[in-house]
Structures are given as C-alpha cells and as structure tokens.
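For reference, the structure is listed below as structure tokens.
The values are calculated or read from the model by the stated rules, or taken from the named source; none is laboratory data. Fair warning: this is a prediction, and the values are worked out from it, not measured in the lab. Note that we place each Cβ from the backbone using ideal geometry, even for glycine, and neighbour counts take in every protein chain shown. Please note that ligands, DNA and RNA were not included when accessible areas were found on the heavy atoms of the full protein model with its side chains. Shrake-Rupley method; radii C 1.70, N 1.55, O 1.52, S 1.80 Å.
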Amino acid sequence: MSKIGIFFGTDTGSTRLVAKKIYSLLGDGLADKPKNINRTSAAELLEYDALILGTPSYGVGDLPGLSTGCMEANWAEFMPYLDGADLSGKRVALFGLGNQERYADRFASSMIHLYRLFYGYGADIVGQWGTEGYQFEHSHAVIGNHFVGLALDQRTQPHLTEERLKIWLAQITPQLLPLTAEAA
C-alpha cells in the first residue's frame with residue numbers, strides 16, 4: 001500500500017491515543033486509521049510497505065501481552081502470526097510509552113522487542129530518537145545514545161508529546177514514504 005499503516009498495542013488506552021495523534025498529524029492522505037494489534041491480522045499488517053508501530057511498556061521490559069498483566073491480547077499474542085515472515089523492503093518506525101520516574105530502570109524498554117523482531121524479519125527500522133530531555137536510569141530500548149524509536153512519557157511529560165511527535169514525524173515520513181516525499 002502507498003499509505004503508512006499505523007498499528008498499536010494498548011492496555012490503558014494511552015498508546016491508542018498517541019496512535020490517533022500520529023494519524024491526525026499525518027492526515028488521511030499519508031496514513032490509514034490506526035488499528036489495534038489485537039483486532040487485526042498478520043495479512044493486514046503485511047499489506048503495508050511503511051509501518052508505524054506503537055507499544056506500551058509492561059513487565060520488566062517484556063513484550064506486552066496477557067502474560068505481563070495486560071487485560072487484552074497485545075503484541076505478545078500477535079507476533080507468533082508473523083513467525084517466518086519476510087519483511088524485506090518494509091520500513092518500520094517505532095514509538096513506545098513508558099513512565100521514566102516510576103520505572104526509571106526500564107523506561108520504554110518494550111520497544112526493543114518490536115525492534116528485534118521486525119529487524120530480524122528483514123524490515124528496515126527508521127526513526128531513532130535521542131535520549132536528551134529524559135530522566136531515567138536504564139532502557140533496553142537505547143542503543144548507543146538513541147532510543148530505537150520515539151519514547152514518550154504520558155505520565156510525567158505529556159506536555160512534550162505533541163512537539164516530539166511533530167519533530168519525529170517530520171524526520172520519518174520521508175524515510176517511510178520516499179516516493180511521496182519526492183513528489184511533494
């Protein structure tokens with residue numbers, strides 16, 4: 001598909017709200033409406049060459065799912081459906097939510113699992129995000145000095161979310177949809 005597919009896992013609804021903000025900022029011309037990962041199929045996700053994937057953080061940096069305390073199925077239940085998929089040629093950007101004060105030792109760590117899984121299936125991961133402006137001790141989602149995707153804290157820094165999204169989307173949109181960006 002020539003649009004960006006936005007898929008998210010959520011438990012409390014915060015990741016869904018951020019996915020909706022992303023869609024609103026990109027607009028219907030560039031993206032399709034966000035889809036909850038527990039209400040979609042692998043075939044639907046694989047229709048897209050460009051993906052934005054969002055995850056909450058649950059457990060001790062685990063992939064969110066029923067086993068980590070989520071009330072509904074999440075990424076842990078969905079990922080087995082992609083087992084063995086070839087995602088070569090697909091471009092993926094990640095965003096993850098976390099609480100850097102309460103969970104300073106594992107802030108937004110669940111993103112690393114999506115990064116490893118999608119990278120392992122051959123996807124090109126774009127949209128790394130710097131660690132400046134955050135106060136945390138450790139995150140599995142940090143490689144070097146960057147998160148593997150956009151880290152958001154809707155509990156202690158909700159006032160920064162909108163601006164971070166705008167900057168990140170300006171960075172990743174040409175990488176996700178290079179032909180669309182060239183035509184603009």
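Give me the net charge for the shell around Ser14: Cβ to Cβ below 12 angstrom, other residues only, Lys and Arg +1, Asp and Glu -1.
Neighbour charge sum, excluding Ser14 itself: +2.
Between Asn145 and Lys33, what length in nm is gained on full extension when 0.36 nm per residue of separation is reduced by their alpha carbon distance? Don't jump to the answer; show the numbers that get you there.
Numbers: separation 112, 0.36 × 112 = 40.32 nm, distance 3.18 nm.
Contour length minus the Cα-Cα distance gives 37.1 nm.
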Extension length gain for Thr131 and Asp86 (0.36 nm per residue less Cα distance), in nm, is 13.1 nm
Cβ-Cβ cut-off under 10 Å around Gly65, Lys and Arg +1, Asp and Glu -1: the net charge is -4
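Give the percent of DSSP beta bridges with both residues in the range 72-184 that are antiparallel, rounded to the nearest 5.
Details: 4 of 10 bridges.
Around 40 percent of the beta bridges assigned by DSSP in the range 72-184 are antiparallel ones.
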Cut-off under 5 Å, modelled amide H: who pairs with Gln154 long-range: Gly98
Check the straight Cα-Cα distances from Lys20 and name the lysines below 18 Å, setting aside those fewer than 8 residues away within the same chain. Lys3, Lys33, Lys35, Lys166
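Percentage of Cα-Cα pair distances in the chain greater than 25 Å, rounded to whole percent? Please report the intermediate quantities before stating the final value.
Details: 4368 of 16836 pairs.
The proportion of pairs with Cα distances above 25 Å equals 26 percent.
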For the range 104-174, the per residue accessible area (1.4 Å probe, Å²) is 47 Å²
Leaving out ligands and nucleic acids, note down the accessible area per residue over the range 3-60 with a 1.4 angstrom probe, in whole Å². 39 Å²
How much length is gained on full extension from Ser67 to Glu44, taking 0.36 nm per residue of separation minus their Cα-Cα distance? 5.8 nm
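If packing is taken as the mean number of other Cβ atoms within 10 Å per residue, what is the order of 149-161, 80-92, highest first?
149-161, 80-92
Give me the percent of accessible area attributable to carbon and sulfur for the range 1-91, probe 1.4 angstrom. Display every interim value, and only then the final one.
Working: 2080 of 4010 Å².
After summing per-atom areas, the C and S share lands at 52 percent.
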